[in-house]
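Taking it in order: structure first as structure tokens, then the write-up.
Values in this text are rule-based calculations from the coordinates and carry no lab data. Everything numeric in this text was worked out from a predicted model, so none of it was measured. Cβ placement follows ideal geometry from the backbone for every residue including glycine, while neighbour counts extend to all protein chains displayed.
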2 protein chains.
Amino acid sequence: MRDATLRDVAELAGVSARTVSNVVNGYAKVTERTREKVERAIAELGYRPNVLARNLANGRSGQIAVVVPYLDTPYFAELLQAIIPRARERGYNVLIDQTDGDPAHERELIRRGARALLFDGMIFSPLGLAQEDLDDGDPALPLVVLGERTSNGTFDHVGIDDVAASREATAHLIGLGRRRIAAIGDQPYPTGEAAQLRTLGYRQAHAEAGLPVDESLIIHTPRFNRADGSGAMRLLLDRADPPDAVFCYSDLVALGALHEVLERGLRVPEDIALIGYDDIEEGRYSNPTISTISPDKVTIATTAVDRLLARIGSPEPLPGVEVRAEHKLIARQSTLGRAPR
Amino acid sequence: MRDATLRDVAELAGVSARTVSNVVNGYAKVTERTREKVERAIAELGYRPNVLARNLANGRSGQIAVVVPYLDTPYFAELLQAIIPRARERGYNVLIDQTDGDPAHERELIRRGARALLFDGMIFSPLGLAQEDLDDGDPALPLVVLGERTSNGTFDHVGIDDVAASREATAHLIGLGRRRIAAIGDQPYPTGEAAQLRTLGYRQAHAEAGLPVDESLIIHTPRFNRADGSGAMRLLLDRADPPDAVFCYSDLVALGALHEVLERGLRVPEDIALIGYDDIEEGRYSNPTISTISPDKVTIATTAVDRLLARIGSPEPLPGVEVRAEHKLIARQSTLGRAPR
């Protein structure tokens, strides 16, 4: 049996071929009743519109890629929760890729032409890339970068003010009277550009309060995850002079650190106060709940999608813009304690 | 300037057009040195192989879709962690979609031909669909279904034995001497087919131990998330006769319930023992850690990908198979307590 054609569908549904095409392409001007008739005919005939042929003709795939280091990091999962519906609302599918933060994989993604026609543009949260790698990317790829980078003028960048946010988190601990404040999550250059902004904010808060920084309290971790937070906390608690507070560079790190503190029979925040970063849902249900820096994820997600679609739709390359989303500090039990206040 | 062609790349790299084609298509027989030469030439010329044209020619998109109800559910995020590398290893990109468990959206996905050429097959974790909806799906779509469904012979199904696992979880609580065991997560038909298997296991464990089931201890929740777990626990603790243990239908539900118990100043497991389901990483770091049913996620993920690619590659439709992955009960602090044993 030959495959059903658009004309077959039109005939069975009793509408014009143009109307079938409108339904298939998702144009809004079709009435609900007509749409249903056409869809019934499509189902009955097993008709498959040739999406690839259509994309080939108009040079678009109707897909955007969202590339994150780790999909099982709740921050990215929560961001995707806002990115996917926004993209879908605007008629785009989302293709998701994860890089494991591997610099080679990340470089390949922004350079290699091989994938270009599979997606029309990319929202990218790099981890392993240095700024110069980004500067070296394909200038023809519509690109929006998330996280702690700077636009070089060929792509858009959406993020929060990480230095200010980290300064506020550290100042919150200083304001509670803590004086031996550790930092968990620093990373060396170049992978660690994100982490280094947080360390900078941590240093600035100390300087503003006239406090010295004990360099031995700044702990490097390969990733921002629970295991690394727990491992770093173990090192800190094994010292003769443990800290009385910790600024953790992500909520996952804070949750790992919290677990280690409680396993040792110490109290949070009485013995050690903890603050995280990201405001993931898990930190609102942990025991105690986690104080954190809350980035405006919905604004980050919707702005990233809207900027990307603007770049995709523009006949000329648009100049890159820096978009700064809001953040706020949310103090919970891990710094304020459980007592009602 | 005209776009670079495959021939331009071959000339610049000093290799044959066939070799460029081999590199672009990712064939393994190219030496690393040749691959690098070709990739350098591709980058230099800004060459974009016409992926869509190639897909059009062979009728494949090189993409598989993975469709889950919620991306911010750690169980699915962890499963994707294993699905994506497996698919990539076998030369496929993964397109991810989330349905929010909406039955209409889910039905559309397995019926609508409009998306067919965007992906070659689908790994689908339905939530809102009844079994008969699945039976009604497009038989030409290569499909692997995850979760608590049964193959009707036109698709593969990969899951664990949910009834047995739920029976074991409940029996674990009974074995610890608990007698008023609540269940959080039951859902009505048809959405609740997954949940109903767990309730069945819960009932079987009671029957096997010769214990009656108190129907009022079976709590319905719209979703398997933290908020619903916490809300259900609130209802249970507000009763004159609260339970002494709870079987939660997911770890997220258990983590929400745990939060509510501890907020009230009660102890886990002394006052209330808790067991979850899924073995997500969060339950290994919570305080206390969560006892759980651990499905073999790696086997589920790799089997799903392998079965799907077999279906995609087969010239004739393959008969649907049922694949049952292993599970095990992992007892942690939320049932055994913190004391070293």
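Some points to look at:
- log₁₀ of I(q)/I(0) at q = 0.17, 0.27 Å⁻¹ - the range A:122-199, Debye sum with one point per alpha carbon: -0.71, -1.29
- Copies compared at A:G265 - label distances in nm, ascending, label defined 7 Å from Cα in the Cβ direction: 2.4
- Cα-projected label distance for B:D136 with B:A164, points at 7 Å along beta-carbon direction, nm: 3.3
- Overall Cα dimensions of the protein assembly as shown - principal axes, largest extent first, Å: 68, 67, 49
- Spacing of the modelled spin labels on A:T150 and B:E36, each 7 Å from Cα toward Cβ, amounts to 3.2 nm.
- 5 angstrom amide H check on A:L329, placed H, neighbours 5+ away: A:S294
- Degrees separating the helix A:162-175 axis from the principal Cα axis of chain A, which is the longest one: 30
- Counting only alpha carbon atoms, the long axis of helix B:251-263 and the longest principal axis of chain B meet at about 40°.
- Remark: the Cα gyration tensor places chain B in the prolate category, a/c being 1.5 or greater and a/b exceeding b/c.
- Nearest-first distances (nm) between copies at A:R324, label 7 Å from Cα via Cβ: 6.0
- For A:I293, B:I312, the sequence from fewest to most other C-beta atoms within 10 Å is B:I312, A:I293.
- Per DSSP, loop GluC sites (Glu not before Pro) in the range B:221-276 with at most 10 further Cβ within 10 Å: B:E270
- Tensor-based shape of the range B:69-166 (alpha-carbon gyration tensor, a/c under 1.5 rounded, otherwise prolate or oblate): rounded
- Here is how the number arises for chain A: DSSP H runs of 4 or more residues each give -39500 (n - 2.57), the sum is divided by the residue count, and the result at 222 nm is -13000 deg cm²/dmol.
- Anchor B:K297: lysines whose Cα lies under 21 Å away (excluding residues fewer than 8 positions away in-chain): B:K328
- Estimated distance in nm for a label pair at B:D102 and A:D271, the labels positioned 7 Å out from Cα along Cα-to-Cβ: 4.9
- Between the helical axis of B:226-237 and the longest alpha-carbon principal axis of chain B there is an angle of about 10 degrees.
- Applying the criteria of a DSSP loop state and at most 15 other Cβ atoms within 10 Å to the trypsin sites (Lys or Arg not before Pro) of the range A:203-286 yields A:R239, A:R264, A:R267.
- Cα shape, the range A:6-45, gyration tensor, a/c 1.5 rule: prolate
- The GluC sites (Glu not before Pro) of the range B:273-341 that DSSP puts in a loop, and whose beta carbon has at most 13 other beta carbons within 10 Å, are B:E326.
- Sequence-distant lysines (8 or more away, or on other chains) whose Cα lies within less than 23 Å of A:K29: A:K37
- Sorted from nearest, the other copies put their A:D238 label points 4.8 nm away, the label point being 7 Å from Cα in the direction of Cβ.
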